[in-house]
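For reference, the structure discussed in these notes is given below.
The values are calculated or read from the model by the stated rules, or taken from the named source; none is laboratory data. Everything quoted here is computed from the prediction, not taken from an experiment. FYI the Cβ positions are ideal-geometry reconstructions off the backbone, even for glycines, and counts take in every protein chain you see. Surface areas here come from the heavy atoms of the whole protein model, side chains and all, with no ligands, DNA or RNA. Shrake-Rupley method; radii C 1.70, N 1.55, O 1.52, S 1.80 Å.
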Amino acid sequence: MRIAIVNDAAMAVEALQRVIIRGPGYRLAWVARDGAEAVSKCKQDTPDLILMELIMPVMDGAEATRRIMNDTPCPILIVTSAIEAHSAKVFQALGAGALDAVQTPPLGGSGEIGGCAALRFKIDQIGRLGSQDDGYKRLGKDARKESSVSTDAGDCLIAIGASAGGPAALATILRALPRDFSAAVIVIQHVDAQFVPSMAIWLNETSAISVRIAQHGGRPQANTVLIAGTNDHLLFTNSRTLGYTPGPSDCFYRPSIDVFFQSVVRHWRGRAAGALLTGMGRDGAKGLRAMRDAGSLTIAQDAASSVVYGMPKAAVELHAAAKILPVDEIANAVDHLRHPSNLETHGEAV
């Protein structure tokens, strides 16, 4: 795996170079000292992975991520020491297509082993994911559309799965829901648990309805979005109660979208809709197919509005999606869940 470093701090670059040198199968591609230099170097030599700092001169990491994903898309991992202080920029980068974020490992000291191990784990995950996915061949656009539709969805659940590019897609959908939206919404977003509280706050500030972290033993609530908040799997333990579980342990994705969608099929007794958004890999495709087979409305985000057309593409290939929609039409589709006849006029049927 050829790995590039984008960081203006000499000590951070040295720490990252050590991780690359010591990793089996890792090789340093190049080093850029700011985002603009990284954009330029990517056009000449696109690496297998970029380790991107957020706060840099000339061009920050969030803007560099957006431009790289637009011009020469490739996997990007945010590696920064400023996660808590700049959480908004973390989610700008994740929304632009960065896969995940992790703290910069220290150079020396007692924290080096743990910090490097966490970074190596993320790099290995992305390496295994990249070998099975071609989603980076498709790029996205930031499409937003407000909806003025307000309906009573009744005893209804909206299950959403997302990965790379998911935060921005979620913000678009949640912003367009009516304030009196009466369905419960549960989101499985591939992101490290340490970033979930900041993501919930960020989405709550832009959403028309309340956004909170799902608690073990909690229940879905109308007019409320619950987000999976740990690296364990969120699922229904019975028809009304949510819980976290470490198993199945062989799931590559944690939390797993497939695990949650399949629990909806097993336990939820009301009406349901499932939406699989932008992301790398195939998680959620089998679960979405199970939801469709059970009679739920199922939606895959379309290629044009996806930052990474991996998971939605897998769903389309499995004939799991009843509808393929641009991200700015998904809110309107789920808001019309109580009117099946209306759904037939929206989107591409599969």
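Within the chain, what's the longest stretch lacking GluC sites (Glu not before Pro) that sit in DSSP loops with no more than 16 other Cβ atoms inside 10 Å?
Value returned for the longest uninterrupted segment is 147-343.
Residue 302: accessible area at probe 1.4 Å, nearest 10 Å²?
Here the residue's solvent-accessible area equals roughly 30 Å².
Sort 189-198, 157-166, 119-128 by packing, meaning the average of other beta carbons within 10 Å per residue, with the highest value first.
157-166, 189-198, 119-128
Could you grab the Rg to Rh ratio for region 225-268? Cα atoms only, Kirkwood for Rh.
0.93
Near the amide H of residue 218, under 5 Å away, which other amide H atoms are found, from residues 5 or more places off or on another chain, if H is placed in the peptide plane?
Correct list: 242.
What number of lysine-lysine pairs in the chain show an alpha-carbon separation below 20 angstrom, given a sequence spacing of 8 or more or placement on distinct chains?
12
Taking the alpha carbon gyration tensor of region 1-81, what are the square roots of 5 times its eigenvalues, largest first, to the nearest whole Å?
18, 15, 9
Filter the trypsin sites (Lys or Arg not before Pro) in region 236-338 to those in DSSP coil with at most 10 other Cβ atoms within 10 Å of their Cβ, and list the result.
Sparse-neighbourhood loop trypsin sites (Lys or Arg not before Pro): 269.
Considering amide H positions built from the backbone, and no H for Pro or chain starts, which residues 5 or more places from residue 28, or on another chain, come under 5 Å of its amide H?
Placed amide hydrogens put 3 under 5 Å from residue 28.
Scale the Cα Rg of the chain by the rule-of-thumb value 2.2 N^0.38 Å and send over the ratio, two decimals.
The value comes to 0.97.
Count the DSSP beta bridges whose two residues both fall in the chain, then state the antiparallel fraction as a percent rounded to the nearest 5.
In the chain, DSSP labels about 10 percent of beta bridges as antiparallel.
Give the ranking of 241, 298 by solvent-accessible surface, highest area first, calculated with a 1.4 Å probe.
The ranking, largest first, comes out as 241, 298.
Given the convex hull over the Cα atoms of region 195-286, what projected area results after averaging over all orientations, in nm²?
Mean shadow area of the hull around the Cα atoms is 6.2 nm².
Starting from the amide H of residue 100, placed 1.01 Å from N in the peptide plane, find each other amide H under 5 Å away whose residue is 5 or more places distant or on another chain.
Under 5 Å from the amide H of residue 100: 78.
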